[in-house]
Amino acid sequence: YKQMFVNYLFHLLILMHCRIMRNEVNAIHDERRYEDRTFAPAKRREMENLENNYPIPRTEELSQPIEDIHAIARTEANMQLEMPVVVGKRKQVSDQSCTSDKEIIERLLEKYKSFKTPSETGVIVWIEVWVQEVNSVNEITSDFDMDIYVTELWLDQALRYEDMNPCKYNLSLNSEIMMHIWKPNTVFINSKSAHIHKSPFANIFLMIYPNGTVWLNYSRVQVKGPCLMDFTSFPMDEQSCLLTLESFNYNIQEVDMRWTNATAPVSLLKEKIVLPDFILTKYGTYIKHEMYPAGIWNELTMTFTFTRRYGWYIFQAYIPTYLTIFISWISFCLGPKMIPARTMLGVNSLLALTFQFGNIMRNLPRVSYIKA
């Protein structure tokens, strides 16, 4: 009888659910039919009034030739805005009188010396970093792996071509031209490894503006940097990781590297970066002057703080451990003559705790202090 009663209730619930869904569908259809009957005539009258008040021009009126097209072009040219890093306004020139990109590059590189710094008094290089993705944070090797975009900006008067009447406002070039111009030779001095993606070619973008401003972007740089691991508060801990940039062979008297002040020096391309074990909570930058035998270098450092996600440890470590301890207390409820049962509970609980502790410690480095 119980089984028949349960089956009856189950079928009754299914019938009630179908009846409710059918009523909702009928209500939606009735509402749509009401809107069509009520608002459709009003919309047609509104469209007729708009057509009567604002008649559509005929094709003959739109196909009339424009008398002074050059005057319109000059007006649009005067309305163009200046770029933040480029001096001068954007000009529109005819294709017959302008100089092509190929000819401009040939003229610029004809007497260009790539080993000479752009200025004898030193050049300022502005650095900006975009974080695309953090691939991993490894506690065993104390490092982290991430994909970033590195952008460099400086002024090179030898690459100025405003007086050449260029056809385009800027020159968009690839890595082949980059090998023939001067570069600050920026490197990650504390990285374990770093390389630029080459799929299907080197992801390097070079742009030169008419006033000689050079914009160089290294796209998708995969870099592995160190982390200062501290497991005192494990698994409710925070880990700090660092990446430091500097010019490899130019001191501060020749190249003054700075974080960009136009935008945030470090920004995320994603709203939130979340890993299986960590989440990126804070990031920042600072500049440090480092003394070497060859002079003083500017070191630009990025800091990333990762907070551990401890949910896995609660469900896989804390709760099983507490359950094992509670089960071991059952031996106190057994009679004094049930010696085998009490012995089995105590030994099994001890073995379970031992294996649980070993499983957790296998995924962590060996440290000489007590962890939480």
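Bear in mind these aren't lab numbers, they're just calculated from the coordinates by the rules spelled out. These numbers come from a predicted model, not from an experiment. Cβ coordinates were reconstructed from backbone atoms using ideal geometry, including for glycine residues, and neighbour counts include every protein chain displayed.
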* **Taking VAL129, VAL347 and counting other C-beta atoms within 10 Å, the order from fewest to most** => VAL347, VAL129
* FRET E, pair THR281, ILE339, Förster distance 51 Å, beta-carbon r, rounded to 0.05 -> 0.45
* **Low-density loop positions, trypsin sites (Lys or Arg not before Pro), segment 95-159 - DSSP coil, at most 14 other Cβ in 10 Å** => LYS111, LYS113, LYS116
* Enter the per residue convex hull volume of segment 157-220, computed from alpha-carbon coordinates, in Å³ rounded to the nearest integer. => 100 Å³
* Structure fact -> Mean projected area, convex hull of alpha-carbon positions in segment 101-309, reported to one decimal in nm², is 13.7 nm²
* Structure fact -> Phi angles of segment 219-232, converted by Karplus (6.51 cos²θ - 1.76 cosθ + 1.60, θ = phi - 60°) into ³J(HN,Hα) in whole Hz with x for Gly and Pro, give 8, 6, 8, 8, 10, 10, x, x, 10, 8, 7, 9, 9, 4
* **Gain in span if fully extended, ASN190 to THR121, counting 0.36 nm per residue against the direct Cα distance** => 22.0 nm
* Among LYS102/LYS168; LYS183/LYS270; LYS113/LYS168; LYS113/LYS183; LYS183/LYS282; LYS116/LYS183, which pairs are too far apart, with a Cα-Cα distance over 20 Å? -> LYS183/LYS270; LYS113/LYS168; LYS183/LYS282
* Rg followed by Dmax, in Å, when segment 233-305 is reduced to its Cα trace -> 15.7, 47
* Amide H neighbours of ILE273 under 5 Å, at least 5 residues apart or on other chains, H built in the peptide plane: list them. => LEU280
* Taking neighbour Cβ counts within 10 Å as the exposure measure, how do TYR292, TYR250, TYR318, TYR283 sort from fewest upward? -> TYR292, TYR318, TYR283, TYR250
* **Surface/4 of the Cα convex hull for segment 316-361, nm²** => 2.9 nm²
* To do: Apply the Karplus parameterisation 6.51 cos²θ - 1.76 cosθ + 1.60, with θ equal to phi minus 60°, to every residue of segment 320-331 and state each ³J(HN,Hα) to the nearest whole Hz, in sequence, with x for glycine and proline.
  => x, 5, 5, 5, 5, 5, 5, 5, 5, 6, 4, 4
* To do: Provide, for q = 0.10, 0.11, 0.18 Å⁻¹, the log10 of I(q)/I(0) from a solvent-free Debye sum over equal Cα point scatterers in segment 214-372.
  => -0.61, -0.68, -1.17
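Are there GluC sites (Glu not before Pro) in segment 183-288 that DSSP puts in a loop and that have at most 12 other Cβ atoms within 10 Å, and which ones? Working shown, then result.
Numbers: sites: GLU238, GLU246, GLU254, GLU271; in loops: GLU254, GLU271.
When the GluC sites (Glu not before Pro) of segment 183-288 are filtered for loop state and at most 12 Cβ neighbours within 10 Å, GLU271 remain.
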* **In sequence order, calculated HN-Hα J values of segment 196-210 (Karplus, 6.51, -1.76, 1.60; Hz; x Gly/Pro)** => 9, 5, 10, 10, x, 9, 4, 7, 10, 10, 10, 9, 10, 9, x
* How long is the gain from GLN222 to LEU351 if the chain were fully straight, where each residue apart is worth 0.36 nm and the alpha carbon distance is subtracted? -> 42.1 nm
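Given contacts defined as C-alpha pairs under 8 Å and at least six residues apart, what's the relative contact order of segment 213-372, whole-number percent?
After rounding, I find 25 percent.
Taking R0 as 41 Å, what FRET efficiency do you get between TRP312 and GLU290 from their Cβ-Cβ distance, rounded to the nearest 0.05?
0.55
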